[in-house]
Amino acid sequence: DYKGQKLAEQIFQGIILVSAVIGFIYGYITEQFGWTVYIVMAGFALSCLLTLPPWPMYRRNPLKWLPVQESGTEEKKAADRKPKRHAK
């Protein structure tokens, strides 16, 4: 559902942003760029774990699909027989 997709996107972006800020500050204090990368990668992994699987919190508002309608096979065959014109 669309509300679940929006929630997943907000969680994903929030975790990435927070981990990037924390990683930058920690990397700046320790003067090690590697720690910045590790913290951002950990945030990415956490956000993937929380947003990629179809958790029930993302499926609270299912979409209502239209019922399947049977169409006549002869109408479909007639539509397929139309001559096709090709551009010259």
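Rounded if a/c is under 1.5, else prolate if a/b beats b/c, else oblate: with a ≥ b ≥ c from the C-alpha gyration tensor eigenvalues square-rooted, which is the stretch 1-49? Write down the numbers at each step before the final one.
Values: a/c = 6.03, a/b = 2.92, b/c = 2.06.
Prolate, since a/c reaches 1.5 and a/b exceeds b/c.
Can you tell me how much longer the chain between residue 10 and residue 65 gets when fully stretched, taken as 0.36 nm per residue apart minus their C-alpha distance, in nm with one decimal? The partial results should precede the final answer.
On the way: separation 55, 0.36 × 55 = 19.80 nm, distance 2.58 nm.
My answer for the length gained is 17.2 nm.
Each value in this text was obtained by applying a stated rule to the coordinates, not by laboratory testing. Just so it is clear, the model here is predicted, and its values are computed rather than measured.
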